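Student: Okay, here's the structure, questions in a sec.
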There are 2 protein chains.
Amino acid sequence: MPTIAQLDHLATLSRVVRHHILKATTHAGSGHPTSSLSAVELMVGLLFGGFFRYDVDRPDHPNNDRLLFSKGHASPLFYALWLAAGKVSPQEMLTYRKFGSPLEGHPTRRFPYTEAATGSLGQGLAIGLGIAMSARYLANLPYRTYVLLGDSEMAEGSQWEAIEAAAFRRLDNLVAILDVNRLGQRGETMHGWDLEAFGRRFAAFGWETILVDGHDLAQIMAAYAQALTVEGRPVAIIARTVKGKGVAEVEDLEGQHGKPLDDAACARAMASLGAFDLDARGVIAKPADREPARPRVMAEVVPPQYEPGKPVATRTAYGKALARLYPRHPEMVVLDGEVSNSTMAEIFREAYPERFFEMYIAEQNLVGAAQGLATRGHLPFLSSFAAFLTRAHDQIRMSQYSGANLKIVGSHAGVAIGEDGPSQMGLEDLAMFRAMLDSVVLYPADAWATEALVEAAARHRGLVYLRTTRSATPLLYGPDDTFAIGGSKVHPESAQPATVTVVAAGVTLFEAFAAREQLQDDGIAVRIIDLYSVKPIDESSLRQAAAETDAIFTVEDHYPEGGLGEAVRTAVGDAAPVITLAVRRRPCSGTPAELMAYEEISSEAIAARIREFVLAR
Amino acid sequence: MPTIAQLDHLATLSRVVRHHILKATTHAGSGHPTSSLSAVELMVGLLFGGFFRYDVDRPDHPNNDRLLFSKGHASPLFYALWLAAGKVSPQEMLTYRKFGSPLEGHPTRRFPYTEAATGSLGQGLAIGLGIAMSARYLANLPYRTYVLLGDSEMAEGSQWEAIEAAAFRRLDNLVAILDVNRLGQRGETMHGWDLEAFGRRFAAFGWETILVDGHDLAQIMAAYAQALTVEGRPVAIIARTVKGKGVAEVEDLEGQHGKPLDDAACARAMASLGAFDLDARGVIAKPADREPARPRVMAEVVPPQYEPGKPVATRTAYGKALARLYPRHPEMVVLDGEVSNSTMAEIFREAYPERFFEMYIAEQNLVGAAQGLATRGHLPFLSSFAAFLTRAHDQIRMSQYSGANLKIVGSHAGVAIGEDGPSQMGLEDLAMFRAMLDSVVLYPADAWATEALVEAAARHRGLVYLRTTRSATPLLYGPDDTFAIGGSKVHPESAQPATVTVVAAGVTLFEAFAAREQLQDDGIAVRIIDLYSVKPIDESSLRQAAAETDAIFTVEDHYPEGGLGEAVRTAVGDAAPVITLAVRRRPCSGTPAELMAYEEISSEAIAARIREFVLAR
């Protein structure tokens, strides 16, 4: 039971926090004060009530509890809490939303206490899940992860993916705090103040639920104390709150979302907080001091082995590479979305089951949890069909603002998968991943290249996407070939100088080689570039080809926009004509060969287009 | 109560269906027989038990009940059902998965009884929700919508978005049938045969639940009969089934997902079905014959009105255009993801509340429901922040395989939104929508262009994306300007011939005009092209500019990949150098002007780059 003095102190801190929320948002002229005010007591009670354990001078302390604001627009509250902890000055608080300030409109990792950039709703819980998984399964540490949720964002399906996964894994080190302030951006949510509606849903999914008045510090303290005692299931504290709480003019009013008070209203609101010690600061309890479990470093890594002349699918090489490389990258973890026997991540699972996480068919949660694991220093590789990664586009987009160290692998790329038809064909994945800041996009053609590029991905810090192929492809390379991010493999013409260059990657590279054969009788020599690194791109080899040959033909098993063709065109500029062969018709079921022909990305189509070009000159 | 003769007949039809599932998949050498076999009785009972009402000769009959296979990989069952209804011949059944056949690996609209292409899991229920909304709110028809769900796909959050929305809207004309066959692709689901686990979840969300043995036709018939009596809530029939049911060698076995039997095993399995009339066919009950409610056609459409000299945000013009145009497009419906006061769809809502659907913060469901509405002949416009549309990338991707007539509007594009920071900035939306088959991508700069392009979108059949801007922009055009899909507006230089061309759209167009002013003193004349139609693109005007000026500068408030710059480069080829100004640094909070300058897409940055180019010549 908290003492009256303790409750008084927390009440004072709540006023300090409210004061700075109001001041900062009015000063900025934008931001979300009302959404911040509803959760003040919930967060002050957590941080300064003795529950949250965190070394404020060491955000990287492995035993720190973790706090995520899934409702990232409550950033004024987030920053004001750290002000109340003495780690943000009142002056710095006034830089909120200013250019160059770490106190951005929605939290990003520029602010050292942010675990993950949020602001696209419904994403924080999945990241928290990943962090809780790290504590439970990998680091073996007793810290807890707390995630502040908004009631509006409970409509996002991603929440229920994370809720399901956390209950399935019985993660009692994960606590969600649901701020039910009744009002969304443009009006009431579906459930208003019906706490039971939320409670029933959480409970049905297997969570422990605690319903509280979110402005009653004694109730809040009791809820956190109870949460600490729950075993075998995650806990949701579901709180009835008032949007704009503490500012009579806007409390529980529609039309007040994302609106700061004007100067006069702000002054009135600050005055109404009454007399209190504005310099009061709170103390956050210190964490335990346990060493995280370290994965054991094992034997030397053996080199890859492939039988010459025997085709291997790059997806198989992906699985083999993971299992082979793990001893050199013991921080590695592998996640998959219930298709590990297709992506071949199962090869790793079979070798290191304790480092593999089955995330079922929930791609948003797959990416979110992987990001949470990355946050805690692990090296996550995650996989699904390339097509289904579009499901997590928003999570991948947001991860770039956290600088997350994610390795994402999409299998079953393109029409080359054949009979399953368009729903299963990744045809926009290159465009999606290229349009991410500082992303690396790799597309190996054979097993040797895949092995090398999986290793390059593991060594690279940041977002890497690797595209794999369903069917077995011949071995093109050998153990002595090297592959670097940003590189390419130039397969030069034999005797005579090449007339044209064909740039291909993955499955179309083999079509390019076959086309070259077909063109021999026509006396047309062809240079082939294996563009296994689509981003960054080997501008130098491409520009050389543009200078030395008459045209560049790009061939990709992908829609024409945003893929290989546009990447090459951007790299060579106006130095040579670039002719793009890509998937331009609505794909359908059929054999891979039929579909490659139908889409005019087969060897015959390539040869025909080149002949046409040469004749027309 | 069904008679014994009726149950016998249904049992016979179940054998007919099983026979053809086995035969077709073995003949194709791929496909998902085991996932089809588990739902045979559930579907035979529905279609031929007198519950499903459908004029098999008129798939477009407005009173037809609707059936969606959300578990699209059970397509062999889907096709075999229509064979049992006499609408697919045994010969045609053997074209399953063959190139050119309407019987694709996963159902597409090439098969006339498919309501929507499925195969990416967790999408059918949202589309069914949209169809049920059409029946309830718009057409006022008594038909029901049935959606077959797989247990694996219940991990997808999109399911819970649709489940929540259907319960919120009390849609008792929507029935989900959950085929709990325990096994996913690579092993058991989280809940195995725990029907109660699913039941608790559905019930907590407000659905009526009925648990049955999914191979007991009498129980199944009773369940459908009960479902017809439920009022005020949607119904979930949750069925315990056996994957591979009827084929002893594979029943309930792991490792049998997506695997056809070999010829010998198929022969054994078909023999084990016993003696029955392979020519038996079922009768589907006829639907009612009511006329759908027709929206009343109203007064003439008035022309847009904007006060000269007064800036207007294009998002505002979007809302006004919808409200203005509705009388000419009475099939129009408008949906929004809880941000209608930001996207300004609220202008339409205020004018025609009965045609507006609030879909809350659930973008996957927003797109799915809109597609369902489009399926029934409505003209849906849906909106959210451009950034948050990435959440529905997979749904948008799948909609292209249904040829869905969707109009999608993304507001708050680019760094120009300012202080809210990167989580809210749409910076990859052009890339995402360009990489969709036959998509139209529009990006108007002012209110007049927006009005015209919203009308063009309404008239166009197919996917249209329109990007709007947060802040008010000056009026550039007037009532006499026309804007066509595939067009552009060339703003020619004044006296002297232009040295360079600047291609811009939306907010950067105004920067281009300001840059032109700044370059006057340098004696550099500039042609400006307003590329309001990013796809299809006005190749002719761009090629003319490439021929007549020394270089093309593209300026976009978007990442460089897949956006305006690459679109222009693809259009002009090597006819001129194309220099792309785009968002290349990690964005942050700040004023729009600060951020445009920081990203070097401001007028000063444009002018500087052009000066540099001219000097270097």
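The values are calculated or read from the model by the stated rules, or taken from the named source; none is laboratory data. Keep in mind it's a predicted model, so treat the numbers as computed, not measured. With ideal geometry, Cβ positions are generated from the backbone for all residues, glycine too; neighbour counts draw on all protein chains shown. Calculation scope for accessible area: heavy atoms of the full protein, side chains included, ligands and nucleic acids excluded. Shrake-Rupley method; radii C 1.70, N 1.55, O 1.52, S 1.80 Å.
Student: Quick check: net charge around A:SER35, other residues with Cβ under 9 Å of its Cβ, Lys/Arg +1 and Asp/Glu -1?
Tutor: Numbers: positive: A:LYS71, A:LYS243; negative: A:ASP179.
Surrounding charge for A:SER35 is +1.
Student: Continuing with the same structure: Can you give the angle from 0 to 90° between the axis of helix A:124-133 and the longest principal axis of chain A, with both taken from C-alpha atoms, to the nearest 10?
Tutor: Result, in degrees: 80.
Student: For A:LYS71, give me every one of the aspartates and glutamates with a C-alpha distance below 16 angstrom, ignoring sequence neighbours fewer than eight places off in its own chain.
Tutor: A:GLU41, A:GLU104, A:GLU115, A:ASP151, A:GLU153, A:GLU156, A:ASP179, A:ASP394, B:GLU338, B:ASP420
Student: Which percent of the Cα-Cα distances in chain B go past 39 Å?
Tutor: 38 percent
Student: To continue, here is another question. Looking only at other chains, what is the average number of their beta-carbon atoms within 10 angstrom of each beta-carbon in A:553-566?
Tutor: Whole-number average of other-chain Cβ neighbours for A:553-566 is 4.
Student: Taking B:VAL230 in one copy and the same position in all the others, each labelled 7 Å out along Cα→Cβ, what are the pairwise distances from the first, in nm, shortest first?
Tutor: Ordered by increasing distance: 2.8 nm.
Student: Kindly state, as a whole number, the per residue volume in cubic angstrom of the convex hull around the alpha carbon atoms of the protein assembly as shown.
Tutor: Spelled out: Cα convex hull of the protein assembly as shown, divided by residues, is 171 Å³.
Student: Order B:ARG585, B:ARG294, most accessible first, counting only protein heavy atoms with a 1.4 angstrom probe.
Tutor: B:ARG294, B:ARG585
Student: On a straight-distance basis, which lysines could pair with A:LYS407 in a cross-link, Cα separation under 25 angstrom, same-chain partners fewer than 8 positions away excluded?
Tutor: Candidates past the 8-residue exclusion: A:LYS320, A:LYS489, A:LYS535.
Student: I would also like to ask the following. Over the heavy atoms of A:THR209, what accessible area does a 1.4 Å probe trace out, to the nearest 10 Å²?
Tutor: Surface open to solvent at A:THR209 totals about 40 Å².
Student: Next question. For helix B:4-28, what angle does its Cα long axis make with the longest principal axis of chain B, in degrees from 0 to 90 and rounded to 10?
Tutor: With rounding to tens, the tilt is 50 degrees.
Student: What is segment B:74-191 by shape, rounded, prolate or oblate, if you read a ≥ b ≥ c off the alpha carbon gyration tensor as root eigenvalues and call it rounded for a/c under 1.5, prolate for a/b larger than b/c, and oblate otherwise?
Tutor: Taking the square roots of the gyration eigenvalues as a ≥ b ≥ c, segment B:74-191 is oblate.
Student: Can you give the Kirkwood hydrodynamic radius for segment B:368-498, in Å, rounded to one decimal and based on Cα pairs?
Tutor: After inverting the mean inverse Cα-Cα distance, the result is 15.8 Å.
Student: Ok, one more. Averaging over all projection directions, find the projected area of the Cα convex hull of segment A:103-155 and quote it in nm² with one decimal place.
Tutor: The Cα convex hull of segment A:103-155, projected and averaged over all directions, gives 4.3 nm².
Student: Can you put B:VAL502, A:VAL242 in order of accessible area, largest first, using a 1.4 Å probe?
Tutor: Heavy-atom accessible area, descending, gives A:VAL242, B:VAL502.
Student: Still on this structure, I have one more. Count charges around B:HIS191 for me, please; just the other residues with Cβ under 12 Å from its Cβ, Lys/Arg as +1, Asp/Glu as -1. Kindly include the intermediate steps, with their values, before the conclusion.
Tutor: Working: positive: B:ARG182, B:ARG200, B:ARG201, B:ARG240; negative: A:GLU164, B:ASP151, B:GLU188, B:ASP194, B:GLU196.
Charge balance in the 12 Å sphere: -1.
Student: Still on this model: Below 15 angstrom from the Cβ of A:TYR143, what's the summed charge of the other residues (Lys, Arg +1; Asp, Glu -1)?
Tutor: After counting each charged neighbour, the total is +1.
Student: If each label sits 7 angstrom from Cα along the C-beta direction, how far apart, in nm, is B:PRO90 from its counterparts in the other copies?
Tutor: 8.9
Student: What do you get for Rg/Rh of segment B:506-617 when both radii come from the Cα atoms and Rh is the Kirkwood radius? Working shown, then result.
Tutor: On the way: Rg = 13.6 Å, Rh = 14.3 Å.
Radius of gyration relative to Kirkwood radius: 0.95.
Student: Still on this structure, I have one more. Mind listing the label-point distances from B:SER471 to the same position on all other copies, shortest first, one decimal in nm, points 7 Å along Cα→Cβ?
Tutor: 5.4
Student: Would you tell me the mean number of C-beta atoms belonging to other protein chains that fall within 10 Å of each C-beta in B:412-423, as a whole number?
Tutor: For this peptide, the per-residue mean of nearby foreign Cβ atoms is 6.
Student: Return the percentage of antiparallel bridges among DSSP beta bridges fully within chain A, rounded to the nearest 5 %.
Tutor: 10 percent
Student: In bins 10 Å wide, starting from 0, what share of all Cα pairs of segment B:200-358 does each bin hold, as a percent?
Tutor: 8, 18, 19, 18, 16, 14, 6, 1, 0
Student: What is the ratio of the Cα radius of gyration of segment B:14-108 to 2.2 N^0.38 Å, with N the residue count, to two decimals?
Tutor: 1.02
Student: To the nearest 10 degrees, how steep is helix A:314-325 against the longest Cα principal axis of chain A, on a 0 to 90 scale?
Tutor: 60 degrees
Student: While we're on this one: So for segment B:573-617, Kirkwood radius off the Cα pairs, Stokes-Einstein at 10 °C and 1.306 mPa s: how many µm² s⁻¹?
Tutor: Numbers: Rh = 11.9 Å.
For the chosen part, D equals 134 µm²/s.
Student: Moving on. Rounded to the nearest 5, what % of DSSP beta bridges with both residues in the protein assembly as shown are antiparallel?
Tutor: 10 percent
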